[in-house]
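The values are calculated or read from the model by the stated rules, or taken from the named source; none is laboratory data. Computed from a prediction, not measured in an experiment: that's the story for all the values here. Neighbour counts run over all protein chains shown; Cβ positions are idealised from the backbone, glycine included.
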C-alpha cells in the first residue's frame, strides 16, 4: 500500500537520492511548485518519472493553480488566470460570474492534465474578512459565505469535468487569521456559533467533494491548545461531524512555521488527530525522510477515501474547444469593464 504522504522535490528533475526515496517510501502523491516547472515537456517528464517510480499510472500529482497570485504554471508557457476575488469584483454576483469561474477552472484542468497533473489544490473556501492577514486576501471568492460556496462549487465542477480532482482548503476556515500560517500560528477567537454560521458554511455546502486540506489555525473556542491540523477535536467533531466532510483530508504543508516540534512529531500529531495524509512540500529530503518515518501505510477508511477521490476523475475530460473557451473567459471580463 502507498505511504500516507504527499512529497515534493527540489528542482526540475528528480535527483538520484530523491528517486531512491520515492521508490523506497512509495508516497501516495507528489506536489509541484514553481521551482519544479520550466515548460510542458519538462513537466510531463517529471510527472511521468514520479509515476514510474511508484508504479501507479493514476498516482496523484498535485499543484496549487488557483489563479491570481497563487498559480505555479504561468506565462510564457501557460496563461495567467484571474484571482478568485476578481470574478465577483469584476463580473458581479450574478450567474455570469459563476459561469466564468467554472470556465476558468475547466481551462485550468485542461492545462494540468496536459502536463500530467490530476489534482488541483483549489478552490479556496476561506471567507474574506476585513482586517485579516493578506495570506488569503484575493484568494477568497467573497466575504459572503453563500457566495464562496457557490463559486467553490462552480470551480470544483469545472475541475472535475476536466478530469482533475479538487482539494477544498483550508478547512475549517482560514479567513479570520490575522497572521500568515507560513510564518506564525494564527489564533482565531470567534465563538463556535459564529464559526459555524460563517467560516464553516462553505465547507459544509461542499462536503461531498473528494479532498480537503486543513488550516494550521488554532480555534480557541474549540481547542485552544492545538492547531486544527493536529487537533482530534477539530478534525473529528468539526470537520467530520459538524461540517460532515466524508472525503480524504490532507494536512497543509508540514514545513510551514505555524507548527512546532520535529517533523516526525508533526506527522505523528496529524495522524493521531485523524488526518488521512501528510503533506510535505518544500523538497528538503532530510525533512521528507523524517515525515515518511512517522507515516503509516494507507489502510482502512483512509485508503477507501483515497481510492474514492481518484475514482471521481476516472473518466475522459468533457469535450472542450480550448481557444473558444479562452475567448469566452476573456470576453466575460472585457464585457464587465465596458
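Taken together, 168, 148, 127 contain a single residue that is within 25 Å of residue 255 (Cα to Cα), outside any loop (DSSP other than H, G, I, E, B) and at pLDDT 95 or above, which is 168. The test for being closer than 26 Å to residue 324 by Cα, crowded, with 21+ Cβ neighbours inside 10 Å and at pLDDT below 95 does not hold for residue 66.
Anything in the range 243-282 that is surrounded by fewer than 20 Cβ atoms within 10 Å (Cβ to Cβ) and within 24 Å of residue 135 (Cα to Cα)? List them, or say none. Let's see the steps before the verdict.
Within the range 243-282, the subset surrounded by fewer than 20 Cβ atoms within 10 Å (Cβ to Cβ) is 244, 246, 255, 257, 260-262, 264-265, 268, 271-272, 274, 282.
Of everything in the range 243-282, those that are surrounded by fewer than 20 Cβ atoms within 10 Å (Cβ to Cβ) and within 24 Å of residue 135 (Cα to Cα) turn out to be 255, 257, 260, 261, 282.
Checked against the criterion of being at positive phi and at pLDDT below 95, the candidates 92, 96 yield just one match: 92. Please work out if residue 334 is exposed (fewer than 15 other Cβ atoms within 10 Å of the Cβ) and within 20 Å of residue 159 (Cβ to Cβ). Answer is no for this residue.
Can you tell which of 80, 122, 59, 105 is in contact with a strand residue (DSSP E or B) (Cβ under 9 Å, 6 or more places away or on another chain), closer than 19 Å to residue 320 by Cα and part of a loop (DSSP other than H, G, I, E, B)? Give the steps one after another, and end with the answer.
Details: 122 fails: closer than 19 Å to residue 320 by Cα; 59 fails: closer than 19 Å to residue 320 by Cα; 105 fails: part of a loop (DSSP other than H, G, I, E, B).
The unique qualifying residue is 80.
Of the residues making up the range 263-301, those that are touching a strand residue (DSSP E or B) at 6+ places or on another chain (Cβ under 6 Å), closer than 15 Å to residue 232 by Cα and assigned to a loop (DSSP other than H, G, I, E, B) are 275, 276.
Filter the range 208-224 for residues that are in contact with a helix residue (DSSP H, G or I) (Cβ under 9 Å, 6 or more places away or on another chain) and assigned to a loop (DSSP other than H, G, I, E, B) and give the result. Break it down into steps so the answer makes sense when it comes.
Within the range 208-224, the subset in contact with a helix residue (DSSP H, G or I) (Cβ under 9 Å, 6 or more places away or on another chain) is 209-212, 214-219, 221-223.
If the condition is that a residue be in contact with a helix residue (DSSP H, G or I) (Cβ under 9 Å, 6 or more places away or on another chain) and assigned to a loop (DSSP other than H, G, I, E, B), then 209, 210, 215, 216, 217, 221, 222, 223 are the ones that fit.
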